[in-house]
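Asks: Please find one structure pasted underneath; my questions will follow.
The values are calculated or read from the model by the stated rules, or taken from the named source; none is laboratory data. Keep in mind that what you see is a predicted model, and the values were worked out from it rather than measured. We place every Cβ from the backbone using ideal geometry, glycine too, and count neighbours over all the protein chains shown. Keep in mind that these areas ignore ligands, DNA and RNA; they rest on the heavy atoms of the full protein, side chains included. Shrake-Rupley method; radii C 1.70, N 1.55, O 1.52, S 1.80 Å.
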Amino acid sequence: MIRNGIDCIGQYTHLLKGKRLGLITAPTGLTNDFVSTIQILHENFNLTALFSPEHGVRGDQAAGALVETYLDPITQVPVYSLYRKDSKRMSQEMLDEVDMVVYDIQDIGARYYTFIYTMLYALEDCAKAGKPFVILDRINPLDGVTVEGNILKQDYQSFVGNYPLCVRYGLTAGEVATMANDQMNWQCDLHVIRANGWERKMQFADTGRHWVMPSLGIPRFETALLYPGTCIFEGTNMSEGRGTTVPFEIVGAPFINAQQLADDMNSKKMPGVVFRPVYFKPTFSKFQGESCSGVQLHVLDTRAIRPLETAITLMYTIKRNYEQFSFLPPLKEGSRPFIDLLCGDKVYREDPLDVSVLLEQFRDESREFAHMKQQYHLY
């Protein structure tokens with residue numbers, strides 16, 4: 001079985017012993033035997049602080065819910081929030097509690113997923129404070145080869161895209177950190193405890209591991225695979241399936257003709273996917289309690305499918321056939337529409353005459369990024 005960084009920690013006790021450790025983690029911070037990284041560090045080292053990303057260190061916070069400082073009920077170690085209303089940074093007061101910061105969260109390899117920015121913010125903050133930063137690396141479940149989508153533009157930075165990554169970037173968290181530390185010249189004392197046995201071409205199904213939900217919105221591997229694509233519907237008035245048992249696998253709204261949309265999308269013969277008409281009623285989020293119609297994306301070939309290209313094609317198909325479709329307005333006055341933040345550009349709202357031209361532009365950026373990132377490969 002593939003071993004993640006936490007499973008190899010016994011080889012690095014010299015790095016952690018004698019230090020006051022602060023741990024950034026989430027429910028995916030587990031060994032192969034389902035022992036939490038919190039427990040491992042608490043029992044074997046001097047764990048003095050926990051730092052909470054979105055959803056909380058034990059996954060008891062809803063998506064987008066702000067997290068406050070509290071005592072972890074199991075270890076009695078203080079938990080400091082990195083997902084506060086006023087800041088998502090590590091304060092000097094937090095950093096004063098530790099000699100070293102350790103990071104262990106399962107990433108899913110998609111630019112919108114906020115854990116990666118919690119990591120990069122902390123990396124930069126540790127660099128400024130002169131604190132070493134240790135990443136217990138984990139596999140990229142989507143593989144470490146495939147790159148998809150455009151590169152985020154600087155003027156569109158946010159907490160769903162704060163670094164010039166492609167949408168699907170084909171790197172582990174440790175590799176992203178290594179790249180950022182170099183390219184941003186942060187000069188942090190960075191240590192990556194590597195996963196063992198993982199090869200870049202491997203997807204999650206090839207690893208023999210058990211899927212642990214990185215968040216409640218990503219209940220299984222197929223969801224994670226579709227997420228780089230269907231997450232763009234969060235910037236629209238379409239339901240992306242939140243409030244159902246298959247978030248990010250279904251897309252719909254009350255005004256959609258399910259059969260017609262499924263037939264239209266299937267006629268395009270997109271690789272690795274088939275569209276099935278579905279009818280659903282979300283229990284929360286968009287259209288809560290309303291009957292919706294739409295399509296479920298069924299993955300036929302996990303390597304052939306290009307989730308972002310699939311979702312972009314679906315979005316423009318809906319936009320051109322349903323006048324009720326719209327992009328959501330900015331969350332607050334003076335900010336950018338959420339679709340722009342997800343895209344890392346404004347091009348989704350410009351409605352290209354030919355979607356294939358937009359997709360080819362994205363492929364050019366993907367190829368550029370794929371070539372550049374190779375110098376930071378650790379596997």
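Asks: Take the residues in segment 314-346 that are open to solvent by 20 Å² or more (accessible area, probe 1.4 Å) and assigned to a helix (DSSP H, G or I); name whichever of them is farthest from Gln361 (Cα to Cα).
Replies: Asn321
Asks: Right, next: Go through segment 70-108 and give me each residue that's closer than 23 Å to Phe45 by Cα, in contact (Cβ under 8 Å) with a residue 60 or more places away in the chain, of a type outside the set (Val, Ile, Thr) and assigned to a loop (DSSP other than H, G, I, E, B).
Replies: Glu97, Asp99, Gln106
For (1) not aliphatic (A, V, I, L, M); (2) not in a helix (DSSP H, G or I), each residue gets a yes or a no:
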{"position": "Pro247", "(1), (2)": "yes, yes"}
{"position": "Asp263", "(1), (2)": "yes, no"}
{"position": "Met270", "(1), (2)": "no, yes"}
{"position": "Phe275", "(1), (2)": "yes, yes"}
{"position": "Glu290", "(1), (2)": "yes, yes"}
{"position": "Gly294", "(1), (2)": "yes, yes"}
{"position": "Leu297", "(1), (2)": "no, yes"}
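Asks: Can I ask one more? Could you tell me how many of the residues in segment 122-162 are under 29 Å from Arg303 (Cα atoms) and among the aromatic types (Phe, Trp, Tyr)?
Replies: As a first pass, look at segment 122-162 and keep what is under 29 Å from Arg303 (Cα atoms): 135-153, 159-162.
Narrowing the set further to residues that are among the aromatic types (Phe, Trp, Tyr) leaves 159.
Matching residues across segment 122-162 total 1.
Asks: Now a separate question. Go through Gln296, Gln288 for me and flag whichever is surrounded by 17 or more Cβ atoms within 10 Å (Cβ to Cβ) and in contact (Cβ under 8 Å) with a residue 12 or more places away in the chain. Break it down stepwise before answering.
Replies: On the way: Gln288 fails: surrounded by 17 or more Cβ atoms within 10 Å (Cβ to Cβ).
Answer to the selection: Gln296.
Asks: Kindly list, by first and then second residue, each pair from a residue in segment 338-351 that is hydroxyl-bearing (Ser, Thr, Tyr) to a residue that is open to solvent by 10 Å² or more (accessible area, probe 1.4 Å) and modelled with pLDDT of 95 or more, limited to pairs with Cβ atoms under 8 Å and residues at least 6 apart or on different chains.
Replies: Between residues of segment 338-351 that are hydroxyl-bearing (Ser, Thr, Tyr) and residues that are open to solvent by 10 Å² or more (accessible area, probe 1.4 Å) and modelled with pLDDT of 95 or more, the close pairs are Tyr348/Phe327.
Asks: Let me ask you something else. Return the total of residues in segment 346-369 being under 20 Å from Asn237 (Cβ atoms), touching a strand residue (DSSP E or B) at 6+ places or on another chain (Cβ under 9 Å) and of a type outside the set (A, V, I, L, M, F, W, C).
Replies: Result for segment 346-369: 2.
Asks: Here's a follow-up. Determine, yes or no, whether Glu290 is more than 20 Å from Val355 (Cα to Cα) and of a type outside the set (Phe, Trp, Tyr).
Replies: Spelling it out, Glu290 is indeed more than 20 Å from Val355 (Cα to Cα) and of a type outside the set (Phe, Trp, Tyr).
Asks: Name the pairs whose Cβ atoms lie under 7 Å apart, with the first residue in segment 255-279 and free of Cβ contacts under 8 Å to residues at least 12 places away in the same chain, the second assigned to a loop (DSSP other than H, G, I, E, B), and 6 or more positions between them or separate chains?
Replies: Going by the 7 Å Cβ cut-off, there are no qualifying pairs.
Asks: Which residues, counting only those in segment 347-366, are among the hydrophobic types (A, V, I, L, M, F, W, C) and surrounded by fewer than 11 Cβ atoms within 10 Å (Cβ to Cβ)? Show your work before the answer.
Replies: Step one: of segment 347-366, the residues among the hydrophobic types (A, V, I, L, M, F, W, C) are 347, 353, 355, 357-359, 362.
Matches in segment 347-366: Leu353, Val357.
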